[in-house]
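Report on one structure; see the data block that follows.
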Amino acid sequence: MVTDPLPAVVVGGGQAGLAASFYLRRRGVEHLVLDAGDAPGGAWRHTWPSLRLFSPAAYSSLPGWRMPPTEGSDNPDAAHVIAYLAAYEDRYDLPVHRPVRVRSVTRQHGLFVLDTDHGTRRAHAVVGATGTWGRPFVPAVPGIEEFRGVQLHSSRYAGPAPFAGRRVLVVGGANSGAQVAADLLPVADVTWATLGPPRYLPDEVDGRELFRVASASLRGEGAGVGSLGDIVAVPPVRRARDAGELVATPMVTRLTSSGAVAADGTEHELDAVLWCTGFRPELSWLGGLHVPRHDGRVVTDGGPAVPDVPGLFLLGYGDWCGAASATLIGVGQWARRVAEEIDAMVGGVS
C-alpha cells in the first residue's frame, strides 16, 4: 500500500526523473515517479532517427549503471538510449507509474497536493523533471501566419523523406538546426538561416569535454560551455560543413504566403519551414503554486532547489537548475543532491 502523504513524488520519468528516483531509492526514501508518457524513454522517444548522442555510451550514462556500448564507432542513437532507459527502470525496480499526467500542484497544510488524471497524491516534497520537449518554441517572425507551406518544429521532425525534392528553410543556429539541415541536404534544397555566424565547437570536443567544462565552471574554474561555441560538430554535420554544403545564411526578415524574404530583400520560394529554435521548460503544472520567476525562469538556488517553495526541486531543465543537468551524464550529481536534501527534510517520514 502506498503511503499517504508520500515523502516525495517525482513528476516526469525521463532521464532526470530516473536519476532522482535512483538516489531516492538508494537512500530509502519512499516515492513515486509519475510519467505522462505511455512507455519508457522520455523525450528520446520523439526524436528523429538520425539523431545521435554527442558522446560514446560510456560517457552518456545515468548513475549506477554504465550505458552498454554500441556496435561500431558511432555514438548511440535514440533507439539505443530508449532501450537503456527502459532497462534502467527495470534494473533498479524504480516505482514509475505511467501514463499519469499531473495537471496541477497546490500547497495545503504544508503538503504538496498533486491533481492527476489518475486521482490525487499528497507529498512532502516534489521533484519536477518534466523537461522541455513538451513546450517547443517558435519565434514570432513576421508573416508566420501567412505562409501556406508546411511548418514544423524540430520536435516533430521524423526524418528527411517527406521533404525529398522540396525547398526547405531550416531556422536555428544551434545543434538541432545544424543537424536537421545536414540531414536534409542529400534530398532537399536547403536554406539554413541563423541569427549570426555558426559557432562550432572544436572538432575534438564531444560530450565528455562538455561535461568537464561544465563541471569546472561549477567549481568557478573557467567560463562555461557557452564559451566554446553552440554546435557540436558531430560527424554528419562535420562532413557537410567541410564539403561546403552546410552554409548558414542570415535570418530571413519575414515569411510570405509562398516563401521568405532574405536579409538582402530578395524573396525565395519555399515549400516548408523547419523551426529548430529550441524549447522552454514545461512547467504549466506548477500554475497552482506561487513560484517566483525572473526573466521567465523559476528562481532556484543555482541548483535544483526552489528556495521560496521549500520541498520543491526542479531537475534537468538547463544550467539554471544545475550545470549540465540536462545531460545524461550531468544530471546525476544534481539528482544525488536532491535526494540528500529530501532525505534530510522528511527525516523519519519515509
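The values are calculated or read from the model by the stated rules, or taken from the named source; none is laboratory data. Values in this document were obtained by computation on a predicted structure and should not be read as measured data. Quick reminder, even Gly has a Cβ in these numbers, built from the backbone with ideal geometry, and neighbours come from all protein chains shown. SASA here: full protein model, heavy atoms, side chains in, ligands and nucleic acids out. Shrake-Rupley method; radii C 1.70, N 1.55, O 1.52, S 1.80 Å.
Per-structure values
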| quantity | calculated |
| --- | --- |
| Scope the range 32-56; condition of a type in the set (Ser, Thr, Tyr) and in contact with an Asp or Glu (Cβ under 6 Å, 6 or more places away or on another chain); matching residues | 50, 55 |
| Selection status of residue 43, modelled with pLDDT under 95 and within 22 Å of residue 133 (Cα to Cα) | yes |
| Flag if residue 28 is more than 27 Å from residue 136 (Cα to Cα) and either out of contact with any Lys or Arg (no Cβ under 6 Å at 6 or more places or on another chain) or not in a strand (DSSP E or B) (or both) | yes |
| Neighbours by Cβ (under 6 Å, 6+ apart or cross-chain): first from the range 287-304, touching a residue at least 24 places away in the same chain (Cβ under 8 Å); second surrounded by 18 or more Cβ atoms within 10 Å (Cβ to Cβ) and not hydrophobic (A, V, I, L, M, F, W, C) | 303/322; 304/322 |
| Residues satisfying the stated conditions in the range 118-130, i.e. closer than 23 Å to residue 317 by Cβ and open to solvent by 20 Å² or more (accessible area, probe 1.4 Å) | 121, 124, 130 |
| Verdict on residue 165 being surrounded by fewer than 15 Cβ atoms within 10 Å (Cβ to Cβ) and in contact with a helix residue (DSSP H, G or I) (Cβ under 8 Å, 6 or more places away or on another chain) | no |
| Residue satisfying all of: in the range 44-57; among the hydrophobic types (A, V, I, L, M, F, W, C) and open to solvent by 40 Å² or more (accessible area, probe 1.4 Å); nearest to the chain's Cα centre (by Cα) among these | 44 |
| Matching residues in the range 233-265 - criterion: being in a loop (DSSP other than H, G, I, E, B), modelled with pLDDT of 95 or more and among the charged types (D, E, K, R) | 245 |
| Test: residue in the range 96-104 that is under 30 Å from residue 234 (Cβ atoms), touching a strand residue (DSSP E or B) at 6+ places or on another chain (Cβ under 9 Å) and either of a type in the set (Ser, Thr, Tyr) or open to solvent by less than 20 Å² (accessible area, probe 1.4 Å) (or both) | no |
| Only one of 113, 141, 102 that is of a type outside the set (Gly, Ala, Ser) and out of contact with any Lys or Arg (no Cβ under 7 Å at 6 or more places or on another chain) | 102 |
| Unmet criterion (only one of (1) among the aliphatic types (A, V, I, L, M); (2) open to solvent by 60 Å² or more (accessible area, probe 1.4 Å); (3) at pLDDT 95 or above) for residue 79 | (3) |
| Residue under evaluation residue 308, criteria (1) without any contact (Cβ under 8 Å) to a residue 24 or more places away in the chain; (2) under 23 Å from residue 63 (Cα atoms), criterion not met | (2) |
| Answer residue from the range 1-15, given it is in contact with a Leu (Cβ under 9 Å, 6 or more places away or on another chain) and open to solvent by 10 Å² or more (accessible area, probe 1.4 Å) and is farthest from residue 119 (Cα to Cα) among those | 15 |
| Residue satisfying condition, being closer than 24 Å to residue 48 by Cα, modelled with pLDDT of 95 or more and open to solvent by 20 Å² or more (accessible area, probe 1.4 Å), within set 189, 206, 230 | 189 |
| Qualifying residue in the range 78-96 (condition: free of Cβ contacts under 8 Å to residues at least 40 places away in the same chain and β-branched (Val, Ile, Thr)) | no |
| Any strands (runs of 3 or more DSSP E) falling wholly within the range 266-350 and containing at least 1 residues that are at pLDDT 95 or above and surrounded by 18 or more Cβ atoms within 10 Å (Cβ to Cβ) | 272-275, 312-314 |
| Which numbered condition residue 182 misses (of (1) modelled with pLDDT of 90 or more; (2) more than 22 Å from residue 258 (Cα to Cα); (3) touching a strand residue (DSSP E or B) at 6+ places or on another chain (Cβ under 6 Å)) | (3) |
| Top-ranked residue of the range 131-140 - restricted to ones that are at negative phi and either crowded, with 19+ Cβ neighbours inside 10 Å or outside any loop (DSSP other than H, G, I, E, B) (or both), ranked as farthest from the chain's Cα centre (by Cα) | 136 |
